[in-house]
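These notes are about the structure you will find just below.
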Amino acid sequence: MPFYHTLGQIPPKRHTQFEKPTDGSIQPGGRSGSPFYYEQLFGTIGFEGMSSLLYHMHRPTMVRDVLESVDVTPKLAVAKNMLSRKLIGFNIEPADDFLDSRVPLLVNNDLIFGLAAPRQSLTTYFYKNADADEMLFVHRGSGKLRTLFGTIPFQYGDYLIIPRGVIYQIEFDSSDNRNDEPRLLYVESHSPIYTPKRYRNQFGQLLEHSPFCERDIVRPRDLETHNETGDFLIKIKKQGSLHSLVYASHPFDVVGWDGYNYPYSFSIFNFEPITGRVHQPPPVHQTFQTDAFVVCSFVPRLYDYHPKAIPAPYNHSNIDSDEVIYYVDGDFMSRNDIAPGHITLHPGGIPHGPAPGAMERSIGKKETQEYAVMVDTFRPLMLTEQAVALDDGKYYKSWLDL
């Protein structure tokens, strides 16, 4: 994240002695162990990428035990896909455990795209993805993302961006309403997730023509500082396996930090659409980028205002990318028979466009009321066994005049 932020207590100069108080004011547990806080560089791309400096009560390196490792590699069903598909996302089965609820659907060497329907909060252990940055999109539910950097509240429509290596827990607000049970879209990215480069100046500041600005970014707040020692289970994902390690101190023992590498949230409702006299191409909806894919947000917007404008998107060929759209809410003008929670996959090499009749009925319309998240990958996607089970089996025929 190219924006500086700081929280808690930090020394006036980095890599220098930072002494703990001597008056016993550290709570709970008072002063213990070394008289100094322990500094940790939390960085990316060796020592050249974005980083933060954290200051811990205890050494962040104290592993007490290594337990089981479980292979969580997605099980592939279709490695070479040439069919446009529609997946019925709300058909995934909920699960109690946060990690068990994750259902990988579309994968390649760059990312895992999936859905999750966790029944319970992640509070009995801690989680760290050491392989990938994570993007969680909140379709249903609300709560708090608790991390060693602080807490981020979230609700419907929020993107949660969690850089690789961040230790976190997630707490959902309780609800007796089934329609409010948590539903998440998640993407695990093996390259860092950034804001689009073309919307930033040479100093990293978002430009005036950007569809969002720094005020829309929610940074961590309410830093938790725990001084407890004992047995703390952290599940770490690395190379397709989930490793269980027991640490000797609480992972949230940070007294302060500063830098550029930290989790944050951004609401799809704060994305300001770019419109024009004629239909604008999908890049105007771009919200995030990586070296291997982009993420776009479709939001309510005024339609094109040329007197002969066709608001529906024109037919186009995905020559260089696979296009995935997750439908969130509203009236999806360009498609027929689409509902919230559906996912469409348009593979590279096959033209696609509005459904039969969509172009004609769009003419004369003034605005759209829709929310959707699109992921365009630069390398082909493969389908997992779970994805095939959600496929309606007939979407690729939906452009026929029947």
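All other residues whose Cβ lies under 12 angstrom from that of ASP337 are scored, Lys and Arg at +1 and Asp and Glu at -1, for a net of +3. Ignoring aspartates and glutamates fewer than eight residues from LYS20 along the same chain, the ones with Cα atoms less than 17 angstrom from its Cα are GLU39, GLU224, GLU228, ASP253. The portion of the accessible surface of the chain made up by carbon and sulfur, rounded to a whole percent, is 51 (1.4 Å probe; DNA, RNA and ligands excluded). Once the mean of 1/r is taken over each pair of separate Cα atoms and inverted, the range 318-402 shows a Kirkwood hydrodynamic radius of 14.2 Å.
Counting only residues at least eight positions apart within a chain, or on another chain, the lysines with an alpha carbon under 20 Å from that of LYS80 are LYS394, LYS397.
Note on the chain: helix-only mean residue ellipticity at 222 nm, from DSSP H runs of 4+ residues weighted -39500 (n - 2.57) and normalised by residue number, equals -500 deg cm²/dmol. Bridgeable lysines around LYS366 (alpha carbons under 21 Å apart, same-chain partners fewer than 8 residues away excluded): LYS308. With protein chains left intact and a 1.4 Å probe, residues in the chain average 47 Å² of accessible area per residue.
With Cα atoms defining each centre, the range 97-134 and the range 236-273 are spaced 13 Å apart in the structure.
May I ask for the net charge around ARG102, where only other residues with Cβ less than 11 Å from the Cβ of ARG102 are counted and Lys, Arg are +1 while Asp, Glu are -1?
Values: positive: LYS237; negative: ASP97, ASP100, GLU134, GLU188.
Its environment carries a net charge of -3.
Within the listed set ASN315, ASN81, ASN270, the residue fluctuating most in the Gaussian network model of the chain (springs between alpha-carbon atoms under 10 angstrom) is ASN315. Accessible surface for LYS86 stands near 10 Å², nearest 10, in the context of the full protein assembly shown (1.4 Å probe).
Computed over protein heavy atoms with a 1.4 angstrom probe, the accessible surface ordering of TRP257, TRP399, largest first, is TRP399, TRP257.
The values are calculated or read from the model by the stated rules, or taken from the named source; none is laboratory data. This is a predicted model, so every value here is computed, not measured. In this analysis, Cβ positions are derived from the backbone assuming ideal geometry, glycine residues included, and neighbour counts consider all displayed protein chains. Quick note on the areas: whole protein, heavy atoms, side chains included, nothing else; ligands and nucleic acids left out. Shrake-Rupley method; radii C 1.70, N 1.55, O 1.52, S 1.80 Å.
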